[in-house]
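Presented below is the structure to which this report refers.
The values are calculated or read from the model by the stated rules, or taken from the named source; none is laboratory data. No experiment lies behind these values; they were computed from the predicted model shown. Here the Cβ is made from the backbone with ideal geometry for all residues, glycine too, and neighbour counts use every protein chain on show.
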Amino acid sequence: MNRLNGLLPTSARSGLSRRPGFTLVEALLCVGIVGLLLGLVLAAVQSARVSAARLACGQRLGQIGLAFQMHHDSYHSLPPGTTHPELRTPTPYGPPVAPYPLLNWGARLLPFLEQEPLWAAITEAYAGGTTPADLGRFGMTPLKSFLCPSDPPLSLAPPLPHYVENSNFLGVAGRSSHRADGLLYLDSLVRLSQVTDGASNTLLVGERPANEFTRGGRWHGGWGNWGVADSYLGVRETATPNTCTDAPYPYRRGDKADPCSAFHFWSFHSGGANWLFADGSVRFLPYSADGVLPALSTRAGGEPSDG
C-alpha cells in the first residue's frame, strides 16, 4: 500500500484514507425507520390474531348451531334452556324434563358435538340417582366447543368444588328470562314451527364471557334462578341481584370483573359480538344494533326487526 500511495496523486491518497460510514443523524433515522416498520408488522400480526380468534369463535357457534338442528331432527324440538330441580314431590314446576334436573342445553347437545362418551357418563350418573350438584365432576371437562378463543380464562380459583368449566355462550331466553318469549329458558321445548318471526330473524345463542364474581356460564347446568346467566339470558334481563340496580341492561361492552356484566350479552371482540340465529347462521352484531335485539330475541312477537 505504501508503494501504491507513492504512485497516486495526493488527492487520491487522501480519498483512500477516508472510510465510508453513517453520521449520527443517519443512524438515528435508520433506527427510527426500522422501529416504525416493526411496529407496523406487530400491529398487523396482532390484528390478524384478533380476526382469527373472532372467526374461530364464530365457527364454534356454527358447530353449535348444527348440533341444535340435529337435536331438533331427533327430538322434534330444541333442547330446554335448563330444567327445574326436583325440590320436593310433587315438584312445584311439574314433572322433570327428560328426566335430567338442572341439565342445560349445552349438555344435551353433547351427542351432536362428538361427545357421546361424556353424554353416556352423564346419563348413567343420573340413572344412578346422582344429584345435579354431583355432576360438577363432568363439568370440569374442558370443552372447546363452548369456549371463545378471544376470551381470557378466569383468574380466580373456583370458591366451591361444584363450579364447573365455563361456557362463553348463553342461550337467548327472549327479552328476559321471566318473559320466556325466546327459544331457550327454564323447561323450554320450542319447536322451530313455533318460531313465527322466522328462524333467520330469531336469536338462539349469544356471547357472554364468564364472570370473575358470579362464575356464571356453564356448559352443563344451571344453578342461580335455575339458569339465568348460567345457561340463558334475556337481551333486557331483569332477573339480576339487588346489587345490580341498573337493570335491564342494554347490549354493550362489559367487564369480566364487573358482577353486573354477567347479566347482558357482550364479548371481547372489538365493537360487538357473534350471535347464532335459529336457522343456524352466525352473524356479528355491533353494539349499535342494541335497539333491534328485543325484536330479534322473541320467537313469535311479530315485531319488525329491521330497526
Top-ranked residue of segment 165-180 - restricted to ones that are over 9 Å from GLY234 (Cβ atoms) and of a type outside the set (Gly, Ala, Ser), ranked as surrounded by the fewest Cβ atoms within 10 Å (Cβ to Cβ): GLU165
Flag for THR240 being farther than 24 Å from THR123 by Cβ, at pLDDT below 90, outside any helix (DSSP H, G or I) and of a type outside the set (Gly, Ala, Ser): yes
Segment 199-216, residues that are surrounded by 24 or more Cβ atoms within 10 Å (Cβ to Cβ) and either of a type in the set (A, V, I, L, M) or more than 20 Å from the chain's Cα centre (by Cα) (or both): LEU203, LEU204, VAL205
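Quick one: which of THR196, THR130, THR89 is surrounded by fewer than 19 Cβ atoms within 10 Å (Cβ to Cβ), part of a loop (DSSP other than H, G, I, E, B), at pLDDT 95 or above and not acidic (Asp, Glu)?
Just one listed residue meets the conditions, THR196.
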Matching residues, segment 245-287, being among the hydroxyl-bearing types (Ser, Thr, Tyr) and within 27 Å of PRO79 (Cβ to Cβ): TYR249, TYR251, SER261, SER267, SER281
Every residue from segment 60-74 that is in contact with a strand residue (DSSP E or B) (Cβ under 9 Å, 6 or more places away or on another chain) and surrounded by 18 or more Cβ atoms within 10 Å (Cβ to Cβ): ARG60, LEU61, ILE64, GLY65, PHE68
Hits in segment 274-289 - residues which are in contact with a Pro (Cβ under 9 Å, 6 or more places away or on another chain) and crowded, with 18+ Cβ neighbours inside 10 Å: none
